[in-house]
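Undergrad: The following block contains the structure, expressed as C-alpha cells.
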Amino acid sequence: MSEKLRAYLYLHFCVFIWGFTAILGKLISLQALPLVWWRVLLCSVTLALILPRKQILGVERGTFLRMAGVGAMVGIHWICFYGAIKMSNASIAVASMATTSFFSALTEPFLLRQKVKWYELALGIVILPGIMLVIGHIDWSMQLGFWVGILGAFLAAIFTSLNKKIIDNKPPPPLVMSFVELSAGLAVTSLALPFVLIGTPETKIMPAGWDWLWVGTLAWVCTLLPYYLTLLAMRHITAFATNLTINLEPVYGVLLAALIFREDKDLDPGFYLGVLIILFAVFGHPLLKKYFGKNEPAGNPVT
C-alpha cells in the first residue's frame, strides 16, 4: 500500500469519526465554550501524561509559536462549530463546514506561496450552490447558527494550511504537534471562559450524568485519535485535499442526526441535493487531479 493511499484511508476514517462530533455536541448539555474547554482539557492532560518531556522541550521556539497560533485558531473554530449546533441544529452546523474547501482553495496557495489551481478553486465554487440549497431551506431562526459555522469553516481552512506549512518543514512528531496545538486551544478557551461566566452566570460548567461519557468520547475517540491521524496523513496530501475530503463529514453528520434526533423533519429534498453536490466535488477531485496534475511543476505537493 502506498503512503498516499494509506493517508487517504486514515483521513476517511477520521472524517467518519468526526461525523459523530455534532451528535455528541447535541447530546452534551453544556454550552459551546464549556464543552470545548472540557474537550481540549482532557486531550491536553492525556498527552501531557504520555509524552516524554524531552520531546516537548525539544521543539524549536519558532515552530512552537507557530503551532500555538494554529492551536488557538483550532479552539476558536470548535467554539464556532458547537455554537452553530446550539444556535441551529447538528445538521446545519456540519453542512456549513462544507465551505472549508472553497476557502482552502484560496488560503493554501496564498500561505504556501503556490499558484492557485483552477480546478481546485472550481470545485470549491461548485460546492457553494449546495450550500445555498442548504441555507435556502432552513428557517431564519437557524441562519445565525449557519453563519457562525461559516466563520468556523474559514478558520479551518487557515489552520489546515498553516499546519501543512509546518509539516512540510521538518515538523515535530504528530503527538507533540497535537499536544502543543490542543494546549493552545485550552489556553484560548480558558481566557474566554471567565467572560462568559460574568455575562451569563447561569452557564453550567461541570458536566453532569451522561455528559461525562459523551465528553470523554468526544475528547479521546473523536479528537485525540483523528487529530493524530490527520497530521500523519497531511505529510502526504495537501491541505486542500484534506479539507475537500472532510466535506464528507456533513454527509455522515446529517445521516446520524436524522437517525438519532429525527432532524430530517426539518429538512427538505433541497438539503439532500446540496449533500449530493458535496459528494460530487469530493470524489471528482482525485480524477481532476490525475488528469490536470500532470502539468504541475515537480515542486508542488502531490495530493
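The values are calculated or read from the model by the stated rules, or taken from the named source; none is laboratory data. Being a predicted model, the structure only gives us computed values, none of them experimental. Positions of Cβ are generated from backbone atoms using ideal geometry, with glycine treated the same way; all protein chains shown enter the neighbour counts.
Undergrad: Wholly within the range 177-260, which helices (runs of 4 or more DSSP H) include no fewer than the required count, namely at least 1 residues that are aliphatic (A, V, I, L, M) and modelled with pLDDT under 90?
TA: 239-246
Undergrad: Cβ-Cβ below 6 Å, separation at least six or inter-chain, first residue in the range 267-280 and farther than 12 Å from I127 by Cβ, second of a type outside the set (D, E, K, R): which pairs?
TA: Once the first residue is farther than 12 Å from I127 by Cβ and sits in the range 267-280, its partners that are of a type outside the set (D, E, K, R) give D268/H137; G270/L133; G270/H137; F271/V134; F271/H137; L273/L133.
Undergrad: While we're on this one: Taking the condition aromatic (F, W, Y) and over 20 Å from the mean Cα position of the chain (by Cα), does W210 pass?
TA: yes
Undergrad: OK, next. Mind counting the residues in the range 15-32 that are within 16 Å of the chain's Cα centre (by Cα) and under 16 Å from W78 (Cα atoms)?
TA: We begin by selecting, within the range 15-32, every residue within 16 Å of the chain's Cα centre (by Cα); these are 15-25, 32.
Right, trim to under 16 Å from W78 (Cα atoms) and you get 15, 17-25, 32.
Counting residues in the range 15-32 that are within 16 Å of the chain's Cα centre (by Cα) and under 16 Å from W78 (Cα atoms) gives 11.
Undergrad: Identify the residue in the range 149-176 that is in a loop (DSSP other than H, G, I, E, B) and closer than 15 Å to A68 by Cβ and, among all such residues, is modelled with the lowest pLDDT. If you could, list the steps in order and put the result at the bottom.
TA: Applying the first criterion (in a loop (DSSP other than H, G, I, E, B)) to the range 149-176 yields 168-173.
The next check asks that each one be closer than 15 Å to A68 by Cβ; those that pass are 171-172.
On the way: P171: 88, P172: 92.
Filtering first and then ranking leaves P171.
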